[in-house]
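The values are calculated or read from the model by the stated rules, or taken from the named source; none is laboratory data. Values in this document were obtained by computation on a predicted structure and should not be read as measured data. Every residue, glycine among them, receives a Cβ derived from its backbone with ideal geometry; neighbour counts consider all protein chains shown. Each accessible area value is taken on the protein alone, full model and side chains, heavy atoms only, with ligands, DNA and RNA left out. Shrake-Rupley method; radii C 1.70, N 1.55, O 1.52, S 1.80 Å.
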Amino acid sequence: MADPSSYRPQPGQVPDSPGVYRFRDEHRRVIYVGKAKSLRQRLANYFQDVAGLHPRTATMVTTAASVEWTVVSTEVEALQLEYSWIKEYDPRFNVKYRDDKSYPSLAVTLNEEYPRVQVMRGPKKKGVRYFGPYAHAWAIRETVDLMLRVFPVRTCSAGVFKRSAQIGRPCLLGYIGKCSAPCVGRVTPEEHRELAEEFCDFMAGRTGAYLSRLEKEMHVAAEDMEYEKAARLRDDIGALRRAMEKNAVVLADATDADLIAVVEDELEAAVQIFHVRGGRVRGQRGWVTDKVEAVDTAGLVEHALQQLYGEEKGEAVPKEVLVPALPEDAPALGQWLADRRGSQVSLRIPQRGDKKALMETVHRNAQQSLALHKTKRASDLTTRSRALEEIAEALELDGAPLRIECFDISHLQGDDVVASMVVFEDGLARKSEYRRFQVKSFEGQDDVRSMHEVVSRRFRRYLLEKSRTGEWDPQDGEDAPPEDDGKPKRFAYPPQLVVVDGGQPQVAAAKRALDELGIDDVAVCGLAKRLEEVWVPGEDDPVVLPRTSEGLYLLQRVRDEAHRFAIRYQRSKRGKRLKSGPLDEVPGLGESRKQALVKHFGSVKKLRQATIDQICEVPGIGRKTAETVAAALAGAVPAGPAVNTATGEIIEDENPAPAGASSERGTEQ
């Protein structure tokens, strides 16, 4: 890896003006492209102490071997040049959105003498009017089939069109009235083009005026007793309305807008776009990408806007673009969009009303898209097999780790220290095997010591289960295994690989716990969040798996699942502690009877002042329970009232408990 100071520009060499910069590696390949309002200030950020940089930025600057820049006049020019260079060089450290699939669009080839309506995929062509994209091609064909009744535009290929012109006979659509048959001269090129333009106007959302004109023509035909014409117009209006119903109105003010939502985690980001024209959703698309550069939501939005509109012009860029977060240089980005459209473009965050509600819908779609993407990768058998093989090869294991257990420690500033253990078998989560622990041996924050305790407890239980078969004899002081009841035991199955959330210290603690128990057939590794490095015991350098490695992706999933499970338990435990009261310490007192006591007396304070006979008056509370409640309430406050066991009366103390005295006691699991 290169030292960034070896290629750092000299002081004063970098101009203090807008521009675009490129980092190149030792082979002169461009690995990152960025833009800046001030090149001097931006590049200076990359050449500070590497330890202070974001892990992904640190990886980039240590991979690079040189940096160069180009000065431009305005921030808008910098934005355009950055987009052009990213497209040209395809840098490995730039976020690049790629379609999950090639979305189909409804296209009208206005660049031909006889425009054709068809389904198109792939790059957009000059002179072709596009609508969409749509999620499915059949949705386009259904819409076109309804519209051709009113706008009989050509849909046939060039070969069919030429053949029909040669034989002087139209195709079937020409006979049934769904094509105006320009191939045999039934309409002139000008008339056919007018039909195509009306089709485009209707698809663009200008529907009201056209429907009103058809309704007037229908009424006039009926008054003139041209009933066949009136019936045909009535059916045309019905067909157009059915086509319109396929796109429900979502914005009442006939807005033209694109709504962009971003959902991200530490590794990937999903983007969803709804194209709204005339107040109706006319298209939808989405991407999922790896986060290979240090970028926040605003940065992801900026990249998405470049991807969406980098090749668009005119009405393809809407009047409004609604986003979840504004990029850092939002004014320059808005000007860039306006230049591409040819008129003003509003780039903003929706704050209220229908647009905010629709943005929430787009956001939910992005969430589902990211979840589906992760599920597809995880559920593919071939992918899982390859991931396990890559892990075995990287860690030099004898075989694929068919059972992987991962441990993570969670706490809040040293309080409520808990741990999680998640299990993956054959590359899939086995949630019935998940376990959680409370750290008991000490107080305070010490992740390394906590990891040692938890791993020790888990494998001590495993050894106790092994003692059933005589494979292992418990040492003095060890608990004897419980009686065999035929049920599967919690810790009976050993993993082939233990993964800990952390780096060298946590890995060393887990390995030490296994060594102390004499277990030498379980591999240990750790996955550090900083650079997604895999650490193994006794090694000074980590094992670095490629970012495209399915093995790394599986380890990340295992680590993230352990983190999620630990956080959930820690929050639950903390919430119960904050909500707990003295009645929670009464053995055998359920939630219903606790509520009945508080409801009867009005508060715990009044309950504490009540006699045993008064407590017995509560439905469902017997004398023995009442005595237990009274004793527990008296013991909950050390300096508070005491109970006279002879009479059952509460004795008032002249010296009440000091303010702030705790009435809670910790529980252990």
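Measuring with a 1.4 Å probe in the full set of protein chains, what accessible area per residue, in whole Å², belongs to the stretch 23-70? Each step should come with its number before you reach the end.
Details: 2240 Å² over 48 residues.
Each residue of the stretch 23-70 exposes 47 Å² on average to a 1.4 Å probe.
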Exercise. Name the residues whose placed amide hydrogens come within less than 5 Å of the amide hydrogen of residue 36, ignoring near sequence neighbours (fewer than 5 apart) on the same chain.
Key: 19
Self-check item: Residues in the stretch 26-48 that a label on residue 16 would reach, taking backbone N under 16 Å of a point 7 Å out along Cα→Cβ
Solution: 37-45
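Would you mind getting the accessible area per residue of the stretch 500-557, heavy atoms of the protein chains only, 1.4 Å probe, in Å²? Walk me through the numbers on the way to the answer.
Working: 2590 Å² over 58 residues.
Counting only protein heavy atoms, the per-residue value for the stretch 500-557 is 45 Å².
Highest mean first, what order results for 262-271, 513-522 on Cβ atoms within 10 Å?
Details: 262-271: 19.2, 513-522: 14.4.
Those peptides, ordered most packed to least, come out 262-271, 513-522.
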Quiz item: From the phi of every residue in the stretch 78-84, what ³J(HN,Hα) in whole Hz does the Karplus formula 6.51 cos²θ - 1.76 cosθ + 1.60 yield, where θ is phi - 60° and glycine or proline is x?
Solution: 4, 4, 5, 5, 4, 4, 5
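For a test of the definition: using alpha carbon positions, the gyration tensor, and the 1.5 limit on a/c, classify the stretch 324-392 as rounded, prolate or oblate. All intermediate terms of the calculation are to be shown ahead of the outcome.
Numbers: a/c = 3.96, a/b = 2.22, b/c = 1.79.
Note, shape of the stretch 324-392 comes out prolate.
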Self-check item: ³J(HN,Hα), Karplus 6.51/-1.76/1.60, whole Hz, each residue of the stretch 401-412, x for Gly, Pro
Solution: x, 5, 10, 10, 10, 10, 10, 9, 9, 9, 6, 10
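In whole percent, how big is the carbon plus sulfur part of the accessible area of the stretch 9-103, probe 1.4 Å, protein atoms only?
Its accessible area is 46 percent carbon and sulfur atoms.
Calculate what fraction, in whole %, of the accessible area of the stretch 299-351 sits on carbon and sulfur atoms when a 1.4 Å probe is rolled over the protein chains. Walk me through the numbers on the way to the answer.
Numbers: 960 of 2140 Å².
For the stretch 299-351, the apolar C and S fraction of the accessible surface comes to 45 percent.
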Practice problem: Return the sequence-ordered ³J(HN,Hα) values of the stretch 428-437 in whole Hz as given by the Karplus equation 6.51 cos²θ - 1.76 cosθ + 1.60 applied to θ = phi - 60°, using x for Gly and Pro. | Solution: 10, 5, 10, 5, 5, 9, 5, 9, 9, 10
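State the extension gain, in nm to one decimal, for the chain segment bounded by residue 617 and residue 220, taking 0.36 nm per residue of separation less the distance between their alpha-carbons.
Details: separation 397, 0.36 × 397 = 142.92 nm, distance 8.58 nm.
Stretched fully, the residue 617-residue 220 segment lengthens by 134.3 nm.
If I take R0 = 30 Å and measure r between the Cβ atoms of residue 201 and residue 88 in this structure, what FRET efficiency does the formula 1/(1 + (r/R0)^6) give, to the nearest 0.05?
Numbers: r = 37 Å, r/R0 = 1.24.
Efficiency at R0 = 30 Å is approximately 0.20.
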Exercise. Please list 6-19, 560-573 highest first by mean number of surrounding beta-carbon atoms within 10 Å per residue.
Key: 560-573, 6-19
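Tell me, what is a quarter of the convex hull surface for the C-alpha atoms of the stretch 501-555, in nm² with one decimal?
Numbers: hull surface 15.8 nm².
Its Cα hull, projected and averaged over all orientations, spans 4.0 nm².
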Quiz prompt | Peptides 458-465, 230-237 ordered by average Cβ neighbours within 10 Å, highest first | solution = 458-465, 230-237
Quiz item: Ignoring ligands, DNA and RNA, what percent of the accessible area of the stretch 144-216 is carbon or sulfur (1.4 Å)?
Solution: 54
